[in-house]
Structures are given as C-alpha cells and as structure tokens.
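K.L.:
Mind having a look at this structure? Questions to follow.
The values are calculated or read from the model by the stated rules, or taken from the named source; none is laboratory data. Note that the structure is predicted; figures quoted are calculated from it, not measured. Here the Cβ positions follow ideal geometry from the backbone for every residue, glycine too, while neighbour counts run over all protein chains shown.
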C-alpha cells in the first residue's frame, strides 16, 4: 500500500505480454484513506490522487479493469466498533469519498475509444534528459497507451509538468489533442496539429496533485470528446 509506481505495475505489463494473452488486473492497489505503507503515524493517509494514479498506471499498462478499495469500507468501521489501523471516517460516509466517484471517469475514457485494439506503449513518451522528471519515478510516473492501428493515443500525466510525445504514433496527417480531467471526467480541446516529429504539451494546471490525461486522436477518425 504505497503511493509509488512499484514493481506491481511493471508486473501488469509482464502479465499482459504473456502468451496466450489473458485478462489480468490488479486485485488490491492502494486504498483511499489508507495508512501509507501501513504506518499512519509516520506517513499519514492516502488521498484521492493516490488511488487515481494506480487506476491509470494499471489500465495503460495492459490491465483489462481495475479494483478500488477504501480503508473504512473493507472493515465496515463506524463509531462503536473497534478500529483497525486508524480509519478516518465511518464506512457510510467513506462510500462517497472523491476517489470512489472518480473511478467511473477512467471507464468512460477507455470506452470512448476503440477498446479491443488498445495496447500499452510508453514509447509514445519522449524521455527527458532527466529521466526521473519524464517518464518520471515514484508518485510521478508517466505511462501511455495507444490504438495499435494508430487512431488514438493516451498519456497519463501524474503531475502537472511539461512533457513531450511522439506524434507519429497517430496514423493521420492531422492530430487532434485533448486534455481529459480525471477528477471530473471533463475534456477540453487543445487544438489540431500537423503529424510531424514531436510535440511538447503543458498541462492546464501545474502542481503536485494535478494529474491529467493527454488524448491524441487521428483528426479524420471523427471521435467525440474523450469520455463521451
């Protein structure tokens, strides 16, 4: 129960690449409001961004789905019951925590583009000279997925910082770019670009807990806004 990009997400990709291919998913990522590394007194508790990151780390690395958990819900804690490892609120309030509601936006995003031809591909991301910046490390690991036929690509941006992508992963001559907000499921169009070389994008909001998804579409594909 760490908020960092660890070997478990690399194992998602390894399992995806096995032959014959089989569906797989992470059965127990970090729970919301869970003591970080089981030590609340030293590390505090996870927050919504800490459960959003595993959602996209797993999905973009080849998982067919995802699981969500909350520290109060698994033990059904409420006043009058013995707490286990510092639950923050009763289970009947925890079911409405932000991270729980935000899981639906991941599904909407995935289902708004061709699903069965999607493959993991971090080569979409151009590494920075300082690789711990991009593709990043710890909480701030960028990951990418794309349509194997070139109709779209997506990059999960776990922290608000500029990054560069390859445009040639898209098949068309023009690329339509979008920002998708994993906190509210809303998309905003960035614009249309020539499909040439690389392009640097700057998220609309910078900062440590400002995660985003960059969506690149073949402009001729006629897709609706991400999540629609």
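K.L.:
So which residues in segment 54-94 are crowded, with 18+ Cβ neighbours inside 10 Å, out of contact with any strand residue (DSSP E or B) (no Cβ under 8 Å at 6 or more places or on another chain) and closer than 20 Å to residue 7 by Cβ, if there are any at all?
P.N.:
Selection gives 54, 55, 58, 63, 66.
K.L.:
Would you pick out the residues in segment 80-95 that are within 15 Å of residue 45 (Cα to Cα) and either not assigned by TED's automatic domain parsing to the domain that holds residue 42 or not in a loop (DSSP other than H, G, I, E, B) (or both)?
P.N.:
Of everything in segment 80-95, just one residue is within 15 Å of residue 45 (Cα to Cα) and either not assigned by TED's automatic domain parsing to the domain that holds residue 42 or not in a loop (DSSP other than H, G, I, E, B) (or both), namely 94.
K.L.:
Another question about this same structure. Looking only at segment 133-182, how many residues end up being in contact with a helix residue (DSSP H, G or I) (Cβ under 6 Å, 6 or more places away or on another chain), closer than 13 Å to residue 210 by Cβ and part of a loop (DSSP other than H, G, I, E, B)?
P.N.:
Going through segment 133-182 one residue at a time, the tally reaches 2.
K.L.:
While we're here: I'd like the full set of residues that are loosely packed, with under 15 Cβ neighbours inside 10 Å, touching a strand residue (DSSP E or B) at 6+ places or on another chain (Cβ under 8 Å) and over 22 Å from residue 49 (Cβ atoms), limited to segment 165-196.
P.N.:
172, 173, 174, 189, 191, 192, 194
K.L.:
I'm checking my understanding of the structure. Among residues of segment 200-228 that are within 15 Å of the chain's Cα centre (by Cα) and in a strand (DSSP E or B), which one is farthest from residue 148 (Cα to Cα)?
P.N.:
This residue is 212.
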